[in-house]
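Written out below as structure tokens is the structure these notes cover.
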Amino acid sequence: MKPYRANVMVCAGTGCVSNHSLEIKKAFEEEIQKRGLADEVQVVTTGCNGFCGAGPIAVVQPDGIFYQLLKIKDIPYLVEEHLLKGRPVPRLMYVPPEEKIHIPKMNDIAFFKGQMLVALRNRGMIDPENIDDYIARDGYRASAKVLTTMTPDEVIQMIEASGLRGRGGGGFPTGVKWESCRKAKGEPRYVICNADEGDPGAFMDRSIIEGDPHSVLEGMVIGAFAVGSSEGYIYVRQEYPLARERLVIAINQAREYGLLGDDIFGTGFKFDVDIRRGAGAFVCGESTALMASVEGRVGEPRAKYIHTVEHGLWNKPTCLNNVETWATIPAIIMRGVDWFTSIGTGDVSENPWGGSKGTKVFSVAGKINNTGLVEVPMGITLREIIFDVGGGVPKGKKFKAVQTGGPSGGFLAAELLDLQVDYEQLTEAGSMMGSGGMVIMDEDNCMVDMAKYFLTFTQDESCGKCAPCREGTLRMLQILQRITDGKGTEEDLVLLEDLSHYVIDSSLCALGGSAPNPVLTTLRYFREEYEVHIRDKKCPARVCRQLNVYTIDPNLCVTKGHGCGVCRAQCPEKAIVGEKNKAHSVIQDACKKCGVCYDVCKFDAIQIS
């Protein structure tokens, strides 16, 4: 590989690509060529760096100088100053919230300093469309080691001893699953990668595939060898076109290099991978629904007493893990059990369920300064993720809650900020690890409304096969709607809890079995908000508009707004009256609580009570 004095690593994950990072890469290349630097400086497209709120991003290596929020017009000056004259450009660097100091190096930014990379170990360091870059970072050494020096039983024992648990949400010990699949009767055996990531605000699996697809393929090769499979599938949702495109490129490159297909590494072992596209049904993230979809049937779950490791795809033994789990496997093989078990909580030496080992990738979104993708060691606290890595809540607002585990996860209050993030403690608190979604809320969020929002999602995504999920979540949603409309009663809270437990205990699959979590946790930690909605017919956060009373401050309307009349003009019900330069007022009987007046007033004259 040709050596270069510097490499400009331009992020080409979905977030940055949508912000024109590919055009920025082209601008870099043209400017570098124009200044005669083409033999000294190389421009490389990478996967997602994780710091999505700062995109488009470029990192100049080997010094690790981090540039953010780039525009095409910035590139000529940046090339001239940094790449030609050796003077980094401060105005394009990261500045922490509420501070004025520029931070030049990527590793000095708090967002990156608090992370530990395992599944994301090649983040921002390789071109995902170039297999040579992956090999240069020790790619496919793990599969070579496994296929040439280990037996399937040794591989399974190693993964079981590592304590690796499935990162897709269930947290099932990976080694135990592999062993069960290997011992199951029937041929052929199948290996599946679940890349059907449907949680709102979640993009962990997408980013791993977009940035490092070969790590997933290598993990699948190792898993296939361990369980005795020669055929694998990657189930990726249709909404991930870039991830699928890079998977196709990676699979073709691996086949060309003899790393997929027949006689891999001259060992006689054969394994190949095909891609199946999902149509975006959330329920197809559930293992049996996913397999039905791969087979070409309707994506509906089946009863769990039939185990997929024994009767899975086409009723044959099947081993399914998610993207992050597969990407972690090669690192464990290369660095060993002792290294992996030194990270995290608990003791897995005698019980594979006895701890939470390794790292976990989270997508951190919502009311937080540093939106993005992070990988942190198990056992880190919520406070460290939200305030140290995530940079805290914007605009000086007060932190209120965090939801972990996606739409079926629970809401955890500020009193739990020092809770360690692992499978057991999150479950005890009423939430779950899930696939890794983490949504932050501040004082302006209504927790009743948030519970309604996520229950709306899961109710809409219910496949409808079983009545507890289909009818139970609908009835719960109707009760929440009644409460946010100011028509709730104290009895509704008892009914909500009873229905929640019924849906959890009776649903066919994990979608229904976890859908009530947002309701139960908001009742557990924010019950007072429900009571205010019911007793006082008020929404403390002023989010539930049917409970709001809109009035106009006559002083502000005249002195600041000069009776501008914008609210009157925009009101769809003609419920606002008044003349130019005079105070306006709201006709309460005509007001439908739409809130348009509040949204359009630039002078804070619209008051909510």
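The values are calculated or read from the model by the stated rules, or taken from the named source; none is laboratory data. Being a predicted model, the structure only gives us computed values, none of them experimental. Counting neighbours? That spans all protein chains shown, and the Cβs are built from the backbone with ideal geometry, glycine included.
Kindly indicate whether I332 is surrounded by 23 or more Cβ atoms within 10 Å (Cβ to Cβ) and modelled with pLDDT of 95 or more.
On the way: surrounded by 23 or more Cβ atoms within 10 Å (Cβ to Cβ): yes; modelled with pLDDT of 95 or more: yes.
Considered against the rule, which asks whether it is surrounded by 23 or more Cβ atoms within 10 Å (Cβ to Cβ) and modelled with pLDDT of 95 or more, I332 comes out as yes.
Could you list, in sequence order, all residues of the stretch 26-54 that are assigned to a loop (DSSP other than H, G, I, E, B) and more than 11 Å from A6 (Cβ to Cβ)? Please lay out each step first, then the result.
Looking only at the stretch 26-54, we keep the residues that are assigned to a loop (DSSP other than H, G, I, E, B), and these are 35-40, 47-51.
R35, G36, A38, D39, G47, C48, N49, G50, F51 - these are the residues of the stretch 26-54 that are assigned to a loop (DSSP other than H, G, I, E, B) and more than 11 Å from A6 (Cβ to Cβ).
Between residues in the stretch 580-601 that are among the charged types (D, E, K, R) and residues that are surrounded by fewer than 16 Cβ atoms within 10 Å (Cβ to Cβ), which pairs lie under 6 Å by C-beta distance while being six or more apart or on different chains?
Correct list of pairs: K592/E573; K593/Q546.
Which residue, of V596, V577, V543, V566, is touching a Pro at 6+ places or on another chain (Cβ under 7 Å), over 30 Å from S287 (Cα atoms) and at pLDDT 90 or above? If you could, list the steps in order and put the result at the bottom.
Details: V577 fails: touching a Pro at 6+ places or on another chain (Cβ under 7 Å); V543 fails: touching a Pro at 6+ places or on another chain (Cβ under 7 Å); V566 fails: touching a Pro at 6+ places or on another chain (Cβ under 7 Å).
The unique qualifying residue is V596.
For the stretch 495-540, which residues satisfy the criterion of being farther than 16 Å from M432 by Cβ and of a type in the set (D, E, K, R)?
Those that are farther than 16 Å from M432 by Cβ and of a type in the set (D, E, K, R): E497, D498, D505, R527, E528, E529, E531, R535, D536, K537, K538.
For the condition at pLDDT 95 or above, in contact with a helix residue (DSSP H, G or I) (Cβ under 6 Å, 6 or more places away or on another chain) and surrounded by 14 or more Cβ atoms within 10 Å (Cβ to Cβ), what is the one hit in V8, V44?
Working: V44 fails: in contact with a helix residue (DSSP H, G or I) (Cβ under 6 Å, 6 or more places away or on another chain).
Going through V8, V44 in turn, just one is at pLDDT 95 or above, in contact with a helix residue (DSSP H, G or I) (Cβ under 6 Å, 6 or more places away or on another chain) and surrounded by 14 or more Cβ atoms within 10 Å (Cβ to Cβ): V8.
Does L382 satisfy the condition of being surrounded by fewer than 19 Cβ atoms within 10 Å (Cβ to Cβ) and touching a helix residue (DSSP H, G or I) at 6+ places or on another chain (Cβ under 7 Å)?
For L382, the condition - surrounded by fewer than 19 Cβ atoms within 10 Å (Cβ to Cβ) and touching a helix residue (DSSP H, G or I) at 6+ places or on another chain (Cβ under 7 Å) - is not met.
Determine, yes or no, whether A292 is among the aliphatic types (A, V, I, L, M) and either over 17 Å from H214 (Cα atoms) or within 23 Å of the chain's Cα centre (by Cα) (or both).
Values: among the aliphatic types (A, V, I, L, M): yes; either over 17 Å from H214 (Cα atoms) or within 23 Å of the chain's Cα centre (by Cα) (or both): yes.
Yes: the conditions hold for A292.
Of the numbered conditions (1) of a type in the set (A, V, I, L, M); (2) surrounded by fewer than 17 Cβ atoms within 10 Å (Cβ to Cβ); (3) outside the structural domain of G53 (by TED's automatic domain parsing), I101 satisfies every one except a single condition; which is it?
Tallying (1) of a type in the set (A, V, I, L, M); (2) surrounded by fewer than 17 Cβ atoms within 10 Å (Cβ to Cβ); (3) outside the structural domain of G53 (by TED's automatic domain parsing), I101 fails exactly one: (3).
Looking at the stretch 66-87, which of its residues are buried (at least 19 other Cβ atoms within 10 Å of the Cβ) and either over 32 Å from the mean Cα position of the chain (by Cα) or over 14 Å from I32 (Cα atoms) (or both)? Walk me through it before giving the result.
First, the residues of the stretch 66-87 that are buried (at least 19 other Cβ atoms within 10 Å of the Cβ): 66-68, 70, 75, 78-79, 82-83.
Passing the criteria: F66, Y67, Q68, L70, L78, V79, H82, L83.
Among residues belonging to the stretch 462-494 that are without any contact (Cβ under 8 Å) to a residue 40 or more places away in the chain and outside any helix (DSSP H, G or I), point out the one that is nearest to K537 (Cα to Cα).
In this case the residue turns out to be K487.
Looking only at the stretch 325-343, filter to residues that are of a type outside the set (S, T, N, Q), out of contact with any Leu (no Cβ under 9 Å at 6 or more places or on another chain) and in contact (Cβ under 8 Å) with a residue 12 or more places away in the chain; which one of those is nearest to Y190 (Cα to Cα)?
Ranking the qualifying residues of the stretch 325-343, first place goes to P330.
Would you mind telling me which numbered condition in (1) over 14 Å from V8 (Cβ atoms); (2) of a type in the set (D, E); (3) assigned to a helix (DSSP H, G or I) E80 fails?
(1)
As an exercise: evaluate E310 against (1) surrounded by 18 or more Cβ atoms within 10 Å (Cβ to Cβ); (2) assigned to a loop (DSSP other than H, G, I, E, B); (3) acidic (D, E) and give the number of the one condition it does not meet.
Of the numbered conditions (1) surrounded by 18 or more Cβ atoms within 10 Å (Cβ to Cβ); (2) assigned to a loop (DSSP other than H, G, I, E, B); (3) acidic (D, E), the odd one out for E310 is (1).
For residues that are touching a strand residue (DSSP E or B) at 6+ places or on another chain (Cβ under 9 Å), over 13 Å from C319 (Cα atoms) and assigned to a helix (DSSP H, G or I), tally how many sit in the stretch 160-190.
Looking only at that region, the number is 2.
Which numbered condition in (1) more than 30 Å from D199 (Cβ to Cβ); (2) of a type outside the set (V, I, T); (3) part of a loop (DSSP other than H, G, I, E, B) is the only one that R568 fails?
Answer for R568: the failing condition is (3).
Can we say F362 is crowded, with 24+ Cβ neighbours inside 10 Å and within 20 Å of the chain's Cα centre (by Cα)?
Working: crowded, with 24+ Cβ neighbours inside 10 Å: yes; within 20 Å of the chain's Cα centre (by Cα): yes.
So F362 fits the description; yes.
Identify all residues within the stretch 365-406 that are under 13 Å from the mean Cα position of the chain (by Cα), under 19 Å from E428 (Cβ atoms) and in contact (Cβ under 8 Å) with a residue 60 or more places away in the chain; write none if there are none. I'd like the intermediate steps shown before the answer.
Step one: list which residues in the stretch 365-406 are under 13 Å from the mean Cα position of the chain (by Cα), which gives 365-366, 371-375, 403-406.
Narrowing further to those that are under 19 Å from E428 (Cβ atoms): 403-406.
Passing the criteria: Q403, G405, G406.
Report whether or not T308 is polar (S, T, N, Q) and in contact (Cβ under 8 Å) with a residue 40 or more places away in the chain.
Working: polar (S, T, N, Q): yes; in contact (Cβ under 8 Å) with a residue 40 or more places away in the chain: no.
It is false that T308 is polar (S, T, N, Q) and in contact (Cβ under 8 Å) with a residue 40 or more places away in the chain.
Would you pick out the residues in the stretch 105-152 that are surrounded by fewer than 22 Cβ atoms within 10 Å (Cβ to Cβ), in contact with a strand residue (DSSP E or B) (Cβ under 9 Å, 6 or more places away or on another chain) and either of a type in the set (S, T, Y) or not in a loop (DSSP other than H, G, I, E, B) (or both)?
K105, N107, D108, A110, D133
Please identify the pairs in which a residue from the stretch 144-156 that is over 18 Å from V176 (Cα atoms) and outside the structural domain of I264 (by TED's automatic domain parsing) has its Cβ atom under 8 Å from the Cβ atom of a residue that is outside any helix (DSSP H, G or I) and among the aromatic types (F, W, Y), counting only partners at least 6 apart or on another chain.
These pairs meet every condition: L147/F269.
Residue-by-condition table, conditions (1) aliphatic (A, V, I, L, M); (2) more than 23 Å from I368 (Cα to Cα); (3) in the same structural domain as A365 (by TED's automatic domain parsing):
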{"residue": "L416", "(1), (2), (3)": "yes, no, yes"}
{"residue": "V421", "(1), (2), (3)": "yes, no, yes"}
{"residue": "E428", "(1), (2), (3)": "no, yes, yes"}
{"residue": "S431", "(1), (2), (3)": "no, no, yes"}
{"residue": "T458", "(1), (2), (3)": "no, yes, no"}
{"residue": "G472", "(1), (2), (3)": "no, yes, no"}
{"residue": "H501", "(1), (2), (3)": "no, yes, no"}
{"residue": "L508", "(1), (2), (3)": "yes, yes, no"}
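Against the conditions (1) assigned by TED's automatic domain parsing to the domain that holds F282; (2) surrounded by fewer than 17 Cβ atoms within 10 Å (Cβ to Cβ); (3) small (G, A, S), where does G170 fall short? Just the number, please.
For G170, the exception is condition (2).
Name every residue in the stretch 324-345 that is outside any helix (DSSP H, G or I) and farther than 25 Å from D205 by Cβ, in order of residue number.
We begin by selecting, within the stretch 324-345, every residue outside any helix (DSSP H, G or I); these are 336, 342-345.
G336, S342 - these are the residues of the stretch 324-345 that are outside any helix (DSSP H, G or I) and farther than 25 Å from D205 by Cβ.
Every residue in the stretch 252-269 that is surrounded by fewer than 21 Cβ atoms within 10 Å (Cβ to Cβ) and in a helix (DSSP H, G or I), please.
Filtering the stretch 252-269 for residues surrounded by fewer than 21 Cβ atoms within 10 Å (Cβ to Cβ) gives 252-253, 255-258, 261-263, 265-269.
Within the stretch 252-269, N252, Q253, R255, E256, F265, G266 qualify.
Would you be able to tell me the number of residues in the stretch 199-224 that are assigned to a loop (DSSP other than H, G, I, E, B) and closer than 18 Å to D274 by Cα?
Restricting attention to the stretch 199-224, the residues satisfying the condition of being assigned to a loop (DSSP other than H, G, I, E, B) are 199-203, 212.
Imposing the further condition that a residue be closer than 18 Å to D274 by Cα reduces the set to 212.
The number of residues fulfilling the criteria is 1.
Can you confirm whether the stretch 407-415 contains a residue that is touching a helix residue (DSSP H, G or I) at 6+ places or on another chain (Cβ under 9 Å), touching a residue at least 24 places away in the same chain (Cβ under 8 Å) and farther than 17 Å from T522 by Cβ?
no
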